[in-house]
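Each remark here refers to the structure printed beneath this line.
The values are calculated or read from the model by the stated rules, or taken from the named source; none is laboratory data. Just so it is clear, the structure is predicted and the values come from calculations on it, not from any experiment. Backbone-built Cβ (ideal geometry, glycine too); neighbour counts: all protein chains shown. In case anyone asks, the SASA skips ligands and DNA or RNA and just uses the protein heavy atoms, side chains included. Shrake-Rupley method; radii C 1.70, N 1.55, O 1.52, S 1.80 Å.
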Amino acid sequence: MNKVDNNVFIKIKPEFENLLTELGKNKFFTDISILAEKSEGKTYRHSKSGTSINDNMFATTGAVIRLTTPAGLYEYSFNNFSKNFLNTIPEIISKETGFSDSSSNLVFSETRIVFNKQTDYKTNPKDVNDSIITTYLNDIYNTAKSYSEKISDCVCVFQYLVIHKLFLSASKDLEQHLMWSVGTTTPYVTVNGKSHYYYKPYSVLGGAEILDIMNSHIDDACKNVIDLIDSEAATPGTYDVICMPDVTGLIAHEAFGHGVEEDMFVKDRALAKNYMNKQIASSLVTMHDNAFDVSQAATYFFDDEGELSSDTVIIDKGILVSGINDLLSAKFLNVPPTGNGRRESYERKVYTRMTNTYFEPGNSTLEDMISSVKYGYLLDNGLSGMEDPKNWGIQCMVNIGREIKDGKLTGKVISPVCLSGYVPDLLNSISMVSDTLTLSGSGYCGKGYKEWVKVSDGGPAIKARVTIS
């Protein structure tokens, strides 16, 4: 395994340390911090319409200063790292805030936390020629097309991002250097004027090695999209269902990811606020938001406020025990910070955001779970979701429902499937949890003014009783 380069800030870091010291001379400025980021990456796409290569949507370079004045919290962002410009920033901020007094000195903590951490990869996409990556995608496309004459197209996407972040304050000197890669293959069929597709995601905390994984699973995506040709509309009703890990993850993200973001508690916009330390799910349910030790695309060593990442247990055996937060909401609610303060970029504000959100595995096998269903559906290929944290409603769109009758899959397929319900009812209905854990981080989460961050979600398969339509 290789390590992501951790020397990116060597030349500029002394200048940022000096800027921190200069800002600390103003007695009106407290809680001063600097977050700097240099991120780069690309997105590759191939389909029957051709090939495109673009910069990753999160590729950016810039920094943000955060401090407190007698008037409140203040932030200043910039993307000019020249020494001359950095030297002008203290005066700029003094003028903008209206507070100026250079009679103080920043005192660095004797226990200042210092680290420079990296993640691993096998193949660095930056070292692979663009033509090689597009050839990989073209080969996957051709494999899909040759699987069946009914497959009209296959959209193949690979993207990566290399993230370098530096956080400085009086108590912290932190660097993190991360690389994530994600891919998707989406074969399409059109029969008798009716179109179907199957979205197959992949993600790693790593590099271009994911292309081999995408190639090895393309037949599975093709089989599933062919199965959709004869699908029927769902008959609305309440059923026993087996949710596959991607659907479980969609439920985790929508039901108890957004629902326990504690900046929503501050605004009184989340019903979960009234259920802390109460049972809201089956005792089989334990749920995490974990940026700390999960090897996935939303993993990091510290958040954008310099808080160290953590594994936050949100639901413990059915009991709602914790939310997730940024520093301001944690302070307002008088709870410990969880390290979930994230920005889309240095130009955007911090929100409480999810990271890797998932249910813990249990003890059942998928085979036993299917065998236990008298009549219902196996739900697979989660597509999108909506939630209402204030009223705890949830709606998830799923691409495939496979009929189960007398404990066996019949081969009948319904599509699309809308799973909906009241969150505690859904979670309390969970009666079996599989013994495997699968996470995927191909997607993003929007919040605020549609500010996006990378997230992952997943879990085991779960058996529950839900309303589908």
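Looking at Y202, is it surrounded by fewer than 23 Cβ atoms within 10 Å (Cβ to Cβ), more than 24 Å from the chain's Cα centre (by Cα), of a type in the set (F, W, Y) and farther than 22 Å from V413 by Cα? Here the answer is no, as Y202 does not meet what is asked. Considering the range 251-268, and only residues there that are assigned to a loop (DSSP other than H, G, I, E, B) and either more than 14 Å from I314 (Cβ to Cβ) or of a type in the set (A, V, I, L, M) (or both), the residue that is most open to solvent (accessible area, probe 1.4 Å) turns out to be K267.
Looking only at the range 269-291, residues that are free of Cβ contacts under 8 Å to residues at least 24 places away in the same chain and assigned to a loop (DSSP other than H, G, I, E, B) come to 0 in all. For the range 25-71, the set of residues classified as of a type in the set (A, V, I, L, M), in a strand (DSSP E or B) and open to solvent by 20 Å² or more (accessible area, probe 1.4 Å) consists of I53 only.
Among residues of the range 401-421 that are among the hydroxyl-bearing types (S, T, Y), those with a Cβ under 8 angstrom from a residue that is surrounded by 13 or more Cβ atoms within 10 Å (Cβ to Cβ) and assigned to a loop (DSSP other than H, G, I, E, B), sequence gap 6+ or separate chain, pair up as S415/S231; S415/A234; S420/S469. I'm checking my understanding of the structure. Among residues of the range 294-319 that are acidic (D, E) and over 19 Å from E175 (Cβ atoms), which one is surrounded by the fewest Cβ atoms within 10 Å (Cβ to Cβ)? Filtering the range 294-319 for residues that are acidic (D, E) and over 19 Å from E175 (Cβ atoms), the one surrounded by the fewest Cβ atoms within 10 Å (Cβ to Cβ) comes out as D311.
Residue by residue, here is whether (1) surrounded by 21 or more Cβ atoms within 10 Å (Cβ to Cβ); (2) in contact with a strand residue (DSSP E or B) (Cβ under 8 Å, 6 or more places away or on another chain); (3) of a type in the set (S, T, Y) holds:
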residue: T143; (1), (2), (3): no, no, yes
residue: E149; (1), (2), (3): no, no, no
residue: S169; (1), (2), (3): yes, yes, yes
residue: H177; (1), (2), (3): yes, yes, no
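Taking the conditions (1) in contact with a Pro (Cβ under 9 Å, 6 or more places away or on another chain); (2) open to solvent by less than 40 Å² (accessible area, probe 1.4 Å); (3) not basic (K, R) in turn, M397 satisfies each one other than (2).
For T111, indicate whether it is loosely packed, with under 13 Cβ neighbours inside 10 Å, more than 29 Å from the chain's Cα centre (by Cα) and of a type in the set (V, I, T). Spelling it out, T111 is indeed loosely packed, with under 13 Cβ neighbours inside 10 Å, more than 29 Å from the chain's Cα centre (by Cα) and of a type in the set (V, I, T).
Within the range 329-342, the residues that satisfy the criterion of being surrounded by 18 or more Cβ atoms within 10 Å (Cβ to Cβ) and closer than 10 Å to V266 by Cα are S329, A330.
The single residue among E360, E347 that is of a type in the set (D, E, K, R), more than 14 Å from the chain's Cα centre (by Cα), open to solvent by 30 Å² or more (accessible area, probe 1.4 Å) and within 27 Å of S429 (Cβ to Cβ) turns out to be E360.
Do we have T438 as among the β-branched types (V, I, T) and touching a residue at least 24 places away in the same chain (Cβ under 8 Å) here? Yes. Residues in the range 362-396 that are at pLDDT 95 or above and assigned to a strand (DSSP E or B) were compared, and the one that is farthest from N224 (Cα to Cα) is S364. As an exercise: evaluate I462 against (1) closer than 16 Å to G249 by Cβ; (2) open to solvent by 70 Å² or more (accessible area, probe 1.4 Å) and give the number of the one condition it does not meet. The failed condition is (2).
Just one residue in the set S429, S371 is open to solvent by 60 Å² or more (accessible area, probe 1.4 Å), of a type in the set (S, T, Y) and farther than 30 Å from G339 by Cβ; that residue is S371. When each of I92, I53 is tested for being of a type in the set (V, I, T) and without any contact (Cβ under 8 Å) to a residue 60 or more places away in the chain, the lone residue that passes is I92. Only one of the numbered conditions (1) open to solvent by less than 70 Å² (accessible area, probe 1.4 Å); (2) out of contact with any helix residue (DSSP H, G or I) (no Cβ under 9 Å at 6 or more places or on another chain); (3) of a type in the set (A, V, I, L, M) is violated by I280, and that is (2).
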